[in-house]
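Colleague: Below is a structure I'd like to ask you about.
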Amino acid sequence: MTDFAARFEHVSKQYRLGLTRESLPTLVSRQLRRALSPGSSNQNQQRILWALKDVSFDLERGQCLALIGDNGAGKTTILKLLARITRPTSGSIEVSGRLAALIELGAGFHPDLTGRENIYLNGTILGLSREYVRKHFDEIVAFSELETFIDTPIKRYSSGMAVRLGFSVAACIEPDILLVDEVLAVGDASFREKCLSRIQTLLKRGTSIVFVSHNLYMVQAICRKAICVQKGQAKYAGDTMSVIERYEQDLHAERTEKLARSESGTQGGSIPADIISVQVQGQSREASGALEGQEAAEIRIHYAAYATLPALNLAVFIIRSDGVTCAMMRSKLDRFSVELKHGRGEIVLSLDRLQLATGTYFAEVEITNESDSMVLKPAPARSAWFAVKGRGRSYDDRSGVFEPRGRWAQVALPPEREPVHAVEAALGNCWREDAVGARQRGD
């Protein structure tokens, strides 16, 4: 038994842009063009894309390995090679054990079949027997929370419902290797939390996971190791926090370059502004570095604008380390006009009191359009983690997420005022005495 679940050794993957099929007529015509036009080889080279180039890594058993990087960097190509959806151009790939993949929404599902039928179909694709799927069927349906729609065709499911069912099949069969590519971004908050809990359970049972996500909070929460993929190459690898820090440094350098181009008159890019950093500061910090839950605080937002932007909005979220959104503040709701001057600047959101319960948090900031209806930059900016010292116990089910400012008072009844129940008793006695006297008088 090997000590790794999967191994990449000097793997490269090449695609020919514009080529839709590798049929015999296509191959013959390509060779004829090369023979008749020797000079066309340079043009052919220009139509070649190296999605991956000389990538090597090992996935250990029971390890959750994160792949982070920009869109088009090659992360999904790595997953497709592991899942044997496509083959490498060069290099070798070894996979040990049963593998389940969640790479694309609805992958492996037939739209005309019901949820029930697709569970069996997907299980068959994963190499499971019908008896095995039948044994775990109720568990899969219960996890997906789609009991009401299980006999409805998949084509009538929303994308989120399809993800629920797909993740439930892949997770409940307990594969040796699970590939997850950004599918949890579609589910609602409660289902994402449920999936994260399931991933933790699979890791404890020895399942190896390759996790692709732009949500760096999720990456930090479940992955100890990470690889940053850029332009088809594994630029650096190591523990998750150090890889994320280096990745964010690269993003900062890229923003600086875009700002310099905009100042020189060159177009800075399709996104009009970037959040450089987000800082959460309290009036005073204890020796432990924690903020007091009842003290005032500031959220300082540093930005770089590539042009003067007179009508934008900011949305600020405070999120606890278990993924719960504790607060939301929006400039449009507060009727604050946001104007980003060309260049670097800072916006400060002041909080009279932080009012957070004991725990660990981070702040997340999004730039939205003038109507506050659309986020202009897909990946939000996040602050560093900060700890808060409140009066409640951290993560207790009944501690809540914030500590409202309140006042206690005890109200004493006046001495001459008798309790309501005493007055009712006295009235009842009078009624009984009147009734007895009337019978005695013959009334």
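Colleague: Give just the number: which of (1) modelled with pLDDT of 85 or more; (2) not in a helix (DSSP H, G or I) does HIS214 not satisfy?
Modeller: Failed condition: (1).
Colleague: Return only the number of the condition from (1) in the same structural domain as LYS341 (by TED's automatic domain parsing); (2) at pLDDT 85 or above; (3) not small (Gly, Ala, Ser) that GLU286 does not satisfy.
Modeller: The failed condition is (2).
Colleague: Tell me the strands (runs of 3 or more DSSP E) entirely within region 54-107 that contain at least 2 residues that are under 24 Å from the mean Cα position of the chain (by Cα). Step through it out loud before you land on a result.
Modeller: Details: elements: 64-68, 90-95, 99-102.
The strands (runs of 3 or more DSSP E) meeting that bar are 64-68, 99-102.
Colleague: Determine the pairs where a residue that is under 15 Å from ILE275 (Cα atoms) and modelled with pLDDT under 85, located within region 240-252, has a partner that is outside any helix (DSSP H, G or I) and among the aliphatic types (A, V, I, L, M) with Cβ atoms under 9 Å apart, the partner being 6 or more residues away or on another chain.
Modeller: LEU251/ALA379; HIS252/ILE276
Colleague: Can I ask one more? Check off (1) in contact with a strand residue (DSSP E or B) (Cβ under 6 Å, 6 or more places away or on another chain); (2) outside the structural domain of GLU60 (by TED's automatic domain parsing); (3) crowded, with 21+ Cβ neighbours inside 10 Å for ASP151 and give me the number that stays unchecked.
Modeller: (3)
Colleague: Hey, can you tell me all the residues within region 307-326 that are among the small types (Gly, Ala, Ser) and farther than 16 Å from PRO380 by Cα?
Modeller: Residues of region 307-326 among the small types (Gly, Ala, Ser): 307, 311, 315, 321, 323.
Within region 307-326, ALA307, ALA311, SER321 qualify.
Colleague: Continuing with the same structure: Name every residue in region 311-341 that is at pLDDT below 85 and assigned to a loop (DSSP other than H, G, I, E, B), in order of residue number.
Modeller: Hits for region 311-341 are SER321, ASP322, GLY323, VAL324, LYS341.
The rows are residues; the columns are (1) under 27 Å from ILE319 (Cβ atoms); (2) charged (D, E, K, R); (3) part of a helix (DSSP H, G or I).
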site: PRO111; (1), (2), (3): no, no, no
site: THR124; (1), (2), (3): no, no, yes
site: ARG134; (1), (2), (3): no, yes, yes
site: PRO175; (1), (2), (3): no, no, no
site: LEU178; (1), (2), (3): yes, no, no
site: CYS195; (1), (2), (3): yes, no, yes
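Colleague: Taking the residues in region 137-164 that are assigned to a loop (DSSP other than H, G, I, E, B) and either touching a residue at least 24 places away in the same chain (Cβ under 8 Å) or touching a Phe, Trp or Tyr at 6+ places or on another chain (Cβ under 9 Å) (or both) as candidates, determine which candidate is nearest to SER197 (Cα to Cα). Step through it out loud before you land on a result.
Modeller: Initially, region 137-164 is screened for residues assigned to a loop (DSSP other than H, G, I, E, B), giving 145-146, 150-152, 157-158.
Then keep just the ones that are either touching a residue at least 24 places away in the same chain (Cβ under 8 Å) or touching a Phe, Trp or Tyr at 6+ places or on another chain (Cβ under 9 Å) (or both); that gives 145-146, 150-152, 157.
Numbers: GLU145: 15, LEU146: 19, ILE150: 23, ASP151: 27, THR152: 28, TYR157: 24 Å.
Result: GLU145.
Colleague: Out of the residues in region 64-104 that are among the polar types (S, T, N, Q) and buried (at least 18 other Cβ atoms within 10 Å of the Cβ), state the one that is farthest from ALA170 (Cα to Cα). First the steps, then the outcome.
Modeller: Initial filter on region 64-104 (among the polar types (S, T, N, Q)): 71, 76-77, 86, 89-90, 92, 96.
If we keep only those that are buried (at least 18 other Cβ atoms within 10 Å of the Cβ) too, we end up with 76-77.
Working: THR76: 18, THR77: 20 Å.
Only one residue tops the list, namely THR77.
Colleague: Next up: For region 72-106, which residues satisfy the criterion of being under 23 Å from CYS195 (Cβ atoms), without any contact (Cβ under 8 Å) to a residue 40 or more places away in the chain and not aliphatic (A, V, I, L, M)?
Modeller: Matches in region 72-106: LYS80 only.
Colleague: Can I ask one more? Determine, yes or no, whether THR124 is β-branched (Val, Ile, Thr), surrounded by fewer than 14 Cβ atoms within 10 Å (Cβ to Cβ) and not assigned by TED's automatic domain parsing to the domain that holds ALA73. Talk me through it step by step, then tell me what you get.
Modeller: Working: β-branched (Val, Ile, Thr): yes; surrounded by fewer than 14 Cβ atoms within 10 Å (Cβ to Cβ): yes; not assigned by TED's automatic domain parsing to the domain that holds ALA73: yes.
Judged against the criteria, THR124 is a match.
The values are calculated or read from the model by the stated rules, or taken from the named source; none is laboratory data. The structure presented is a predicted model; accordingly, all values stated were derived computationally and were not measured. Note that each Cβ is placed from the backbone with ideal geometry, even for glycine, and that neighbours are counted across all protein chains shown.
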